[in-house]
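Here's the structure, in structure tokens; my notes come after.
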Amino acid sequence: MSTRISKLVMVLAFALYASLVAFNNLTDYNSNFTLVAHVLMMDTTFPGNEGLWRAIHSPAIHHTVYGLIIGTEIMIAALSWLGGLRLYRSIQDPAAFNQAKGLAILGLTLGFLLWFTGFMTIGGEWFLMWQSETANGQQAAFRLVMIIAVILIYLTQADDKQQI
């Protein structure tokens, strides 16, 4: 049972984290919007690099991309909270607990997609965020990807009555 409790706590901790990220992006919109705009404009990358043709200078697209990021963060939080609730409701029964993991797995997977594919792959490599000293969220994204991966690996391990 303690293994199931630890899995539940990890999912809920991630749900809280995702909720606070979304909350901060909504209540302090301009702080991270500025980062997103700089990444898309590529104006803090190495001067004269050959990838600058990829830059997007439209404020409407900047706001749209940031809105998609925030919307995704809200979905991550909601799926993680709902997944945690389902896990909590079936904490006593290992078989039911195994079947209840779906929403939590979806929330964590969506988080992996946002921070790995969105930030590290698209932001980091397509928009060359790695070249920027001021608009580079790759290290933070990497930390999240690793946390998510560990939780996903642990959560997806089958639970049975013999677990401590």
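Some points to look at:
- Modelled spin-label separation between Arg143 and Gln131, with each label point placed 7 Å from Cα along the Cα-to-Cβ direction: 2.6 nm.
- Per residue value of the accessible surface for region 7-104 (all protein chains in place, 1.4 Å probe), Å²: 53 Å²
- For Kirkwood radius over Cα pairs in Å, the candidate list reads (i) 16.9; (ii) 18.4; (iii) 16.5; the entry that matches the value derived from this model is (i).
- Note on Ile5 and Thr27: their simple-model spin labels are 3.1 nm apart, each label 7 Å out from Cα toward Cβ.
- Averaging the sequence gap over all C-alpha pairs within less than 8 Å and six or more residues apart, then dividing by the number of residues, gives the chain a relative contact order of 33 percent.
- In order along region 117-124, the phi-based Karplus estimate (6.51 cos²θ - 1.76 cosθ + 1.60, θ = phi - 60°) of 3J(HN,Hα) comes to 6, x, 7, 6, 7, 6, x, x Hz; Gly and Pro are listed as x.
- What a 1.4 Å probe finds exposed on region 102-164 is 70% carbon and sulfur by accessible area, rounded to a whole percent.
- Accessible carbon and sulfur surface of region 34-93 relative to its total accessible area, %, 1.4 Å: 69 percent
- Sequence-ordered 3J(HN,Hα) estimates for region 88-100 from the Karplus curve with 6.51, -1.76 and 1.60 and θ = phi - 60° stand at 4, 5, 10, 4, 6, 10, x, 5, 5, 4, 4, 6, 8 Hz, glycine and proline given as x.
- Extending 7 Å from the Cα toward the beta-carbon at both Asp43 and Leu113 defines two label points whose distance is 3.1 nm.
- J(HN,Hα) series, region 20-30, from Karplus relation 6.51 cos²θ - 1.76 cosθ + 1.60, nearest Hz, glycine and proline x: 5, 4, 4, 4, 5, 5, 7, 8, 10, 3, 5
- Fully extending the segment from Thr156 to Gln99 would add 19.5 nm, taking 0.36 nm per residue of separation and subtracting the current Cα-Cα distance.
The values are calculated or read from the model by the stated rules, or taken from the named source; none is laboratory data. Everything quoted here is computed from the prediction, not taken from an experiment. Methodologically, a virtual Cβ is constructed for each residue, glycine included, from the backbone with ideal geometry; neighbour enumeration extends over all protein chains shown. Surface accessibility is based on the protein's heavy atoms, side chains included, excluding ligands, DNA and RNA. Shrake-Rupley method; radii C 1.70, N 1.55, O 1.52, S 1.80 Å.
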